[in-house]
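Visitor: The structure's right below; bear with me while I get my questions together.
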Amino acid sequence: MNAVARAADAELRPLFSEARELRAEAARFRAETGVELPDLSVYLHALVPEADLTARRERLLRLDAVVGAYVKPSAEPAVVLGPAPRLTADPPGTTPDFTSRQGYLDRAPSGVDARYAWNITGGSGTGVHIIDVEREWRLSHEDLREHQGGVIGGHPPDDLMPRNHGTAVLGVIGGNRNVFGVTGVSPEADMSCASVMFESPLFGLVENTSRGIWLGARALGPGDILLLELHRPGPRFGFRHREDQRGFIAVEWWPCDFAAILYATYRGVLVVEAAGNGEEDLNDPIYDTPANDFPPTWVNPFRRGPLDAGAILVGAGAPPPGTHNHDWGPDRSRLGFSNFGAIVDAQSWGREVTTSGYGDLQGGTNEDRWYTNQFGGTSSASPVVAGALACVQGSLATARRPLLTPATARHALRATGSSQQVDYGRPLSQRIGNRPDLRQLIAFAKGG
């Protein structure tokens, strides 16, 4: 493939890493486990000015060694927010305890019953490593200083909006257990971050979601958790970005991101992936048609037939009516923006999530003390599910029981939990799955 790079463009580069490194890793993994990892060495990428995209793609496709050359839209955090933050005067000297606002921690069916799990040895996520894959985080936040492994790859862009998003996600998973602020679903899990932004000599910071997923996955072991907090515009509106996120879908639909997720699940990593906020039926036949110049071997992964990335897809459900004095419909009903379909495995709160970041609940001039109670989207639902799985894995590890695998975790989430409810115009056939119930989930995982 180096010859392809030389013939096509000086800016055509390995998407993941040098072929020699990837093949050596695959050989080691095969020898140790007998598992054949996906061949990531066949993926290359070119950084091209938008005006040159069509001509450059056609040029690549004329090369005998190239079987597909497609343009991938930029990914975005799968977030839905409440009103714009009110950055108020500095808060009191000590941040109040906001845990009473975190109804998603409560007993099922309104929450995932995290407090039950915390009373089980290891049930706070002890020893489980979680890596969040997105753009940026505020790791100096006062409620994120314990069990924090920092950024293991990529180059966060120093941008407030993605930083708030990442900070909110980490607070949901692992907000520190103390007397102020919030507490995460799995507060003793070890959290790290992998940014999807990378430096390019000619273009500055550029996005590479596939490499971010790969970097996160290779830093994890079997039973650990990778959280994928991004979605991107799909074919419904011609792959165009929209402020309302209509038509956005889960990133595994694109071949290179699918390969990176498959790499993770083959390594035994549990991948929790936002289903997206595009109001899309992922069963729709529109997703059976590949984008221009996908490889001929591509098959719609949303069908989970010949291609199944092994990820757990998460939809967004309504919180209990009255939460923060708002009513988004019946508890656990599909929120209107949430994607749905047979592929969606589980749901959690897609509105009214209290966590770190943004500053609408507590603001001021010090970003390290910002909190929100308006975090939402499949972005808020996914870290709740990831945190719940960390509680299960921690309890299993402490009890010296086999950890959940990508397949058994998916099965356990579908077999247990608080069932999806109906809302007007949103029947159960618009599947977003059950909300996890840790009391049931831990018992099921232990064979009880």
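Visitor: With respect to Gly171, is the statement that it is under 17 Å from Cys391 (Cβ atoms), not hydroxyl-bearing (Ser, Thr, Tyr) and not in a loop (DSSP other than H, G, I, E, B) true? Talk me through it step by step, then tell me what you get.
Guide: Values: under 17 Å from Cys391 (Cβ atoms): yes; not hydroxyl-bearing (Ser, Thr, Tyr): yes; not in a loop (DSSP other than H, G, I, E, B): yes.
Judged against the criteria, Gly171 is a match.
Visitor: List the residue pairs whose Cβ atoms are under 7 Å apart, where the first residue sits in segment 64-75 and is β-branched (Val, Ile, Thr), the second is part of a loop (DSSP other than H, G, I, E, B) and at pLDDT 90 or above, and the two are 6 or more positions apart or on different chains.
Guide: Filtered contacts from segment 64-75: Val67/Pro295; Val67/Pro296.
Visitor: Which one of these does Ala399 not meet: (1) farther than 20 Å from Ala168 by Cβ; (2) crowded, with 17+ Cβ neighbours inside 10 Å?
Guide: Only one criterion is unmet by Ala399, namely (2).
Rundown of residues vs (1) part of a loop (DSSP other than H, G, I, E, B); (2) within 15 Å of the chain's Cα centre (by Cα), yes/no style:
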residue	(1), (2)
Gln374	no, no
Val384	no, yes
Ala388	no, yes
Leu396	no, no
Leu403	yes, no
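Visitor: Would you be able to say whether some residue in segment 3-24 is surrounded by 18 or more Cβ atoms within 10 Å (Cβ to Cβ), at pLDDT 90 or above and not in a loop (DSSP other than H, G, I, E, B)?
Guide: Yes, segment 3-24 has at least one match.
Visitor: Moving on. Where the second residue is at pLDDT 95 or above and outside any helix (DSSP H, G or I) and the first is within 13 Å of Ser210 (Cα to Cα) and lies in segment 258-273, which pairs have Cβ atoms under 6 Å and are six or more apart or on separate chains?
Guide: Listed by first residue and then by second, the contacts come to Phe258/Ala309; Ile261/Val271; Ile261/Ala309; Ile261/Ala311; Leu262/Ala309; Ala264/Leu226; Ala264/Val271.
Visitor: OK, next. Please find, among Leu389, Leu335, Leu404, the residue that is touching a Pro at 6+ places or on another chain (Cβ under 9 Å) and not β-branched (Val, Ile, Thr). Lay out the reasoning, then the answer.
Guide: On the way: Leu335 fails: touching a Pro at 6+ places or on another chain (Cβ under 9 Å); Leu404 fails: touching a Pro at 6+ places or on another chain (Cβ under 9 Å).
Answer to the check: Leu389.
Visitor: Can you tell me how many residues within segment 405-417 are over 30 Å from Arg232 (Cβ atoms) and either under 17 Å from the mean Cα position of the chain (by Cα) or small (Gly, Ala, Ser) (or both)? First the steps, then the outcome.
Guide: Of all residues in segment 405-417, those over 30 Å from Arg232 (Cβ atoms) come to 415-416.
Filter again for either under 17 Å from the mean Cα position of the chain (by Cα) or small (Gly, Ala, Ser) (or both), leaving 415.
Of the residues in segment 405-417, 1 are over 30 Å from Arg232 (Cβ atoms) and either under 17 Å from the mean Cα position of the chain (by Cα) or small (Gly, Ala, Ser) (or both).
Visitor: Go through Val185, Val179 for me and flag whichever is of a type in the set (Val, Ile, Thr), part of a loop (DSSP other than H, G, I, E, B) and touching a Phe, Trp or Tyr at 6+ places or on another chain (Cβ under 8 Å). Write out each step before concluding.
Guide: Numbers: Val179 fails: touching a Phe, Trp or Tyr at 6+ places or on another chain (Cβ under 8 Å).
None of the other options fit; the residue is Val185.
Visitor: Note down all Cβ pairs under 7 Å where the first residue falls in segment 17-30 and is touching a residue at least 12 places away in the same chain (Cβ under 8 Å), the second is of a type outside the set (A, V, I, L, M, F, W, C), and they're at least six residues apart or on different chains.
Guide: Cβ pairs passing all conditions: Ala19/Ser41; Leu22/Ser41; Arg23/Ser41.
Visitor: Now for a separate question. Run down Val179, Val206, Val151 and say which single residue is surrounded by fewer than 22 Cβ atoms within 10 Å (Cβ to Cβ) and touching a Cys at 6+ places or on another chain (Cβ under 7 Å). Lay out the reasoning, then the answer.
Guide: Values: Val179 fails: touching a Cys at 6+ places or on another chain (Cβ under 7 Å); Val206 fails: touching a Cys at 6+ places or on another chain (Cβ under 7 Å).
Answer to the check: Val151.
Visitor: Could you pull out the residue among Gly111, Gly127 that is at pLDDT 95 or above and either out of contact with any strand residue (DSSP E or B) (no Cβ under 9 Å at 6 or more places or on another chain) or farther than 30 Å from Leu160 by Cα (or both)? First the steps, then the outcome.
Guide: Numbers: Gly111 fails: either out of contact with any strand residue (DSSP E or B) (no Cβ under 9 Å at 6 or more places or on another chain) or farther than 30 Å from Leu160 by Cα (or both).
Unique residue meeting the criteria: Gly127.
Visitor: Go through segment 283-299 residue by residue and tally those that are assigned to a loop (DSSP other than H, G, I, E, B) and closer than 16 Å to Phe239 by Cβ.
Guide: Of the residues in segment 283-299, the ones assigned to a loop (DSSP other than H, G, I, E, B) are 283-284, 289-299.
When the remaining residues are screened for being closer than 16 Å to Phe239 by Cβ, the result is 284, 289-294, 298.
Looking only at that region, the number is 8.
Visitor: Between a residue in segment 161-178 that is assigned by TED's automatic domain parsing to the domain that holds Asp368 and any residue that is in a helix (DSSP H, G or I) and of a type in the set (Asp, Glu), which pairs come within a Cβ distance under 9 Å, given they are 6 or more apart or on different chains?
Guide: Arg163/Glu367; Asn164/Glu367; Thr167/Glu367
Visitor: Would you confirm whether any residue within segment 131-140 is in the same structural domain as Ala386 (by TED's automatic domain parsing) and more than 21 Å from the chain's Cα centre (by Cα)? I'd like the intermediate steps shown before the answer.
Guide: First, pick out the residues of segment 131-140 that are in the same structural domain as Ala386 (by TED's automatic domain parsing): 131-140.
Okay, now just the ones that are also more than 21 Å from the chain's Cα centre (by Cα), so 140.
Yes, some residue in segment 131-140 is in the same structural domain as Ala386 (by TED's automatic domain parsing) and more than 21 Å from the chain's Cα centre (by Cα).
The values are calculated or read from the model by the stated rules, or taken from the named source; none is laboratory data. Because the structure is predicted, anything quoted here is derived from the model rather than measured. Neighbour counts run over all protein chains shown; Cβ positions are idealised from the backbone, glycine included.
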